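FYI, it's all coordinate maths here, none of it is from the lab. All of these numbers come straight from a predicted model, not from anything done at the bench. Every residue, glycine as well, gets a Cβ built from its backbone with ideal geometry; the counts of neighbours run over all protein chains shown.
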Amino acid sequence: MTNELHSTVVNAFVARYTELAESAIAMAATLSEEQFWQRPFPFGNSFGHLVLHLTGNLNYYIGAEVGKTGYVRDRDLEFADPKQVPKAEALANFREAVATVVRTAQAQSSNDWAKFYTAVREDDAGNRFTILCLHHSSLRPSPGLSRRGPRLPSRHNPDGGPGWRRSLSGRPQPRTGTSL
C-alpha cells in the first residue's frame, strides 16, 4: 500500500468512526436517564445497553485484538447487567472506545492492514482492513431508532423494532440475520 493510499484509508476510518460516534451521542443526548435504560419492547435492548455493546465491541475487536490494549470483554453482561451506570459514564466509555479505535487505526503501518486477523466470533475475518470495515459498519445506528427515540409500532412495522422490513410487495416481512 502506498503512503498516499495508507493515509487516505486511515483518515477515512477516523472520519467515519468519529462521525458515527457523534451521531449516536447526539441521539443519546435527547434521552433522559430513564429513557436511556428503558427497553422499547419486552424483548428489545435499551439504548444504554446498545451503547455498552458498541463500547465492548470496539474495545475488544479493534482495541484488544488489533491494538493489543489488553481489554477483556464480557459480551453477555453488555446486555444483561442489572447495574445501570449513569448515562454520562456509559457515553464517556463509548467516547474512549472510539478514541481507542482512532489511535489503533492511526498506529497501523501500510503493511499492518494485510496482517491476519482472528478473534472470538470472527474466525474468518481475514485481515485487519476487513475487521475495521466490518466494525465500522456496526457503528451505524439501529434502523429502529431515530433522533426522537425508539420507533413506535405502525401498520408497516408491527413490533416497532428494527426486526421488520418491507418486501417487494410492500407487506412487512420478518428480517432475518440482523444484529447490532
**Report entry** Burial order of peptide ranges 56-68, 7-19, 100-112 (average beta-carbon count within 10 Å, highest first)
**Finding:** 56-68, 100-112, 7-19
Query raised in the report: Rounded, prolate or oblate: which one fits the stretch 74-124, using the alpha carbon gyration tensor with axes a ≥ b ≥ c (rounded when a/c is under 1.5, else prolate when a/b beats b/c, else oblate)?
Result: oblate
Requested in this report: Please sort 37-43, 24-30 by packing, taking for each peptide the average over its residues of neighbouring beta carbons within 10 angstrom, highest first.
Outcome: 24-30, 37-43
Report summary line: With x for Gly and Pro, the residue-by-residue ³J(HN,Hα) of the stretch 73-88, computed from phi through the Karplus equation 6.51 cos²θ - 1.76 cosθ + 1.60 at θ = phi - 60° and given in whole Hz, is 9, 10, 4, 4, 5, 4, 9, 10, 5, x, 7, 9, 5, x, 3, 4
Query raised in the report: Between residue 96 and residue 75, what is the label-to-label distance in nm when each label sits 7 Å out along the Cα-to-Cβ direction?
Result: 2.3 nm
Report task. Give the shape of the stretch 4-93 as rounded, prolate or oblate, defined through the alpha-carbon gyration tensor: a ≥ b ≥ c are the square roots of its eigenvalues, a/c under 1.5 means rounded, and otherwise the shape is prolate if a/b is larger than b/c and oblate if not. Result -> oblate
